[in-house]
Each structure stands twice: as structure tokens, then as C-alpha cells.
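Written out below as C-alpha cells is the structure these notes cover.
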Amino acid sequence: MTDQGLREATGSDVVRMRAWVHGYVQGVGFRWWTRARALELGLVGSAANQRDGRVLITAEGERAACQALLDQIDAGKSPGQVDTVVTDWEPPRGDLTGFVER
């Protein structure tokens, strides 16, 4: 869905973002770092280790805040080594509170 289509579908710039982070991101403080950045940006959601070594970030909030989180991850300042981030955007569900590490 395009950004414009998402805004029309949700009636706002609030979105749900899912980002699969590939690289050396488990066991290095990456989820803790992500949680701290997300809370600073006013996002709710989670950062969860996946069995295949990726971290799945699910976040809801203003699109600009979600994009800012992605930008910080892409800037190479996070713990570990991020190789690739695959992201999708959805309408918000409103079922998340806080930001947790899983």
C-alpha cells in the first residue's frame, strides 16, 4: 500500500511498522537499544528475537517516528551489525502498549 493510500485508509499518519532486521543483532544489546530509541520516539510495540537470527521489530505510532527509528538503525549506530532491514507498513491496530523486548 502506498503512503497516501495508507493515510486514506487509516485517516491519519499513525501506522504499524514491521521490520525484520538481518545481521549480527542477537546477544549484543540490539533489542534493548531498539526499545530505548522507540520509547524516546513515543512508539509502542516490541523487538523480538527470531529463531533464524533476525530481530522482528513491531512498532505503532506516527509514521515519522517509525521512520526515525528505521533511520537510526540504518545509520549504523546500533549494537551489533545490521546487514539488511526489510520493512512493511500496515494500518494501526491499537492493540499494543509500552515497548517490550521478547
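Let's see how each residue does on (1) without any contact (Cβ under 8 Å) to a residue 12 or more places away in the chain; (2) touching a strand residue (DSSP E or B) at 6+ places or on another chain (Cβ under 6 Å); (3) among the polar types (S, T, N, Q); (4) surrounded by fewer than 19 Cβ atoms within 10 Å (Cβ to Cβ):
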| residue | (1), (2), (3), (4) |
| --- | --- |
| 13 | no, yes, no, yes |
| 19 | no, yes, no, no |
| 28 | no, no, no, yes |
| 47 | no, yes, no, no |
| 52 | yes, no, no, yes |
| 55 | no, yes, no, no |
| 65 | no, no, no, no |
| 87 | no, yes, yes, yes |
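Restricting to segment 89-102, and then to whatever is of a type outside the set (A, V, I, L, M) and surrounded by 16 or more Cβ atoms within 10 Å (Cβ to Cβ), can you tell me which residue is farthest from residue 36 (Cα to Cα)?
This residue is 91.
If you scan segment 49-102, which residues turn out to be among the β-branched types (Val, Ile, Thr) and in contact with a Ser or Thr (Cβ under 8 Å, 6 or more places away or on another chain)?
55, 57, 58, 73, 100
Find the residue count for segment 67-85, including only residues that are free of Cβ contacts under 8 Å to residues at least 60 places away in the same chain, surrounded by 14 or more Cβ atoms within 10 Å (Cβ to Cβ) and over 12 Å from the mean Cα position of the chain (by Cα).
3
Quick check on this structure: which one of 7, 37 is charged (D, E, K, R), in a helix (DSSP H, G or I) and at pLDDT 95 or above?
37
Are there strands (runs of 3 or more DSSP E) fully within segment 42-102 with at least 3 residues that are small (Gly, Ala, Ser)? List them.
44-49
How many residues does segment 17-35 contain that are aliphatic (A, V, I, L, M) and over 12 Å from the mean Cα position of the chain (by Cα)?
Residues flagged as aliphatic (A, V, I, L, M) and over 12 Å from the mean Cα position of the chain (by Cα) within segment 17-35 amount to 2.
The values are calculated or read from the model by the stated rules, or taken from the named source; none is laboratory data. Since the model is a prediction, treat every value here as computed from it, not as a measurement. Cβ coordinates were reconstructed from backbone atoms using ideal geometry, including for glycine residues, and neighbour counts include every protein chain displayed.
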